[in-house]
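The values are calculated or read from the model by the stated rules, or taken from the named source; none is laboratory data. The structure displayed is predicted, hence computed values, not measured ones. Backbone-built Cβ (ideal geometry, glycine too); neighbour counts: all protein chains shown. The area values use the complete protein model at the heavy-atom level, side chains included, leaving out ligands, DNA and RNA. Shrake-Rupley method; radii C 1.70, N 1.55, O 1.52, S 1.80 Å.
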Amino acid sequence: NQAHRSAIRETWLRAPGKFGVAYRFFLGIPGNGLIPAAEMSIHRDIHIVNVTESYKATWHKVRAIFHWGANTCGAWYVLRANDDVYLRLEATVAGLYKAGPPSRVYAGLFVDPNTMHVP
């Protein structure tokens, strides 16, 4: 969703280089076949995975994300987030640096809506 990607670029992903972060948006091919070429040429941060966009294609995109992170970037850590997530990038990166050299880290926030309190 272009609106979500724009919101991400304008908020928590404003200055990824400041934190030593490389990023891409991984998309499948839309059902209508229309690739967001204009957005791709402006931002140069979209990677198209050769599968039709669908929930069932998620694992193809996840595999592509980890392949890109390990083989293209040589990343120590790879993070995957959906486009409806607000990531605290600075805190996340600081936590990873504090953890030291990479290990098998799997982290996330799982919220029970029955106990969640929003101030």
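Among the trypsin sites (Lys or Arg not before Pro) within region 1-67, those in coil by DSSP and having at most 14 neighbouring Cβ atoms inside 10 Å are Arg14, Arg44. Read phi for every residue in region 24-38 and hand back ³J(HN,Hα) as whole Hz from Karplus 6.51 cos²θ - 1.76 cosθ + 1.60, θ = phi - 60°, with x for Gly and Pro. Listing the rounded values in order: 8, 9, 9, 10, x, 6, x, x, 7, x, 8, 6, x, 4, 4 Hz. Database remark: amide H of Val51 closer than 5 angstrom to the amide H of Ile29 (H placed geometrically; neighbours at sequence offset of 5 or more, or on other chains; Pro and chain starts carry no H). Accessible surface computed residue by residue for region 1-83, with neighbouring protein chains in place and a 1.4 Å probe, gives 67 Å² per residue. For Cα pairs less than 8 Å apart in space and 6+ apart in sequence, what is the mean separation divided by the residue count of region 1-91, i.e. the relative contact order in percent? About 32 percent, as a whole number.
Karplus-based coupling profile of region 94-99, in residue order and whole Hz: 4, x, 5, 4, 5, 5, with θ = phi - 60° in 6.51 cos²θ - 1.76 cosθ + 1.60 and x standing for Gly or Pro.
Sequence-ordered 3J(HN,Hα) estimates for region 67-72 from the Karplus curve with 6.51, -1.76 and 1.60 and θ = phi - 60° stand at 5, 4, x, 6, 8, 8 Hz, glycine and proline given as x.
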